[in-house]
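Okay, so here's the structure we're looking at.
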Amino acid sequence: MVGHSLGGGVAALFTTLLKERFRLPDDRIHCYAFGSPACVNDNLAAKCENNVTAVVLHDDLVPR
């Protein structure tokens, strides 16, 4: 999955949903989110950390 800004947040959530729903191993699904907003809490962020790569450009306001 790939997304930018709000699409990145949606892609990250969708990746985690698919992983949990279909019990996919970590190496089968991955998301690259560019400038996505913070859209999860600490518990869900821990589940996302192996499957989501968030890319932020310097001091971009949206992801901060």
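The values are calculated or read from the model by the stated rules, or taken from the named source; none is laboratory data. Everything quoted here is computed from the prediction, not taken from an experiment. Cβ: placed from backbone, ideal geometry, glycine included. Neighbour counts: every protein chain shown. These area figures cover heavy atoms from the full protein model, side chains too; ligands, DNA and RNA do not enter into them. Shrake-Rupley method; radii C 1.70, N 1.55, O 1.52, S 1.80 Å.
General remarks:
- Just one of the listed residues (LEU61, LEU13, LEU17) is within 9 Å of the chain's Cα centre (by Cα) and either open to solvent by 60 Å² or more (accessible area, probe 1.4 Å) or free of Cβ contacts under 8 Å to residues at least 24 places away in the same chain (or both), and it is LEU13.
- Which numbered condition SER36 misses (of (1) in a loop (DSSP other than H, G, I, E, B); (2) open to solvent by 100 Å² or more (accessible area, probe 1.4 Å)): (2)
- Filtered residues of the range 1-17 (kept if among the β-branched types (Val, Ile, Thr) and assigned to a helix (DSSP H, G or I)): VAL10, THR15, THR16
- Within the range 39-52, restricting attention to residues that are surrounded by 13 or more Cβ atoms within 10 Å (Cβ to Cβ) and within 17 Å of LEU6 (Cα to Cα), the residue that is modelled with the highest pLDDT is VAL52.
- Selection from the range 20-32 of residues that are touching a residue at least 24 places away in the same chain (Cβ under 8 Å) and either under 14 Å from ARG64 (Cα atoms) or part of a helix (DSSP H, G or I) (or both): GLU20, ASP26
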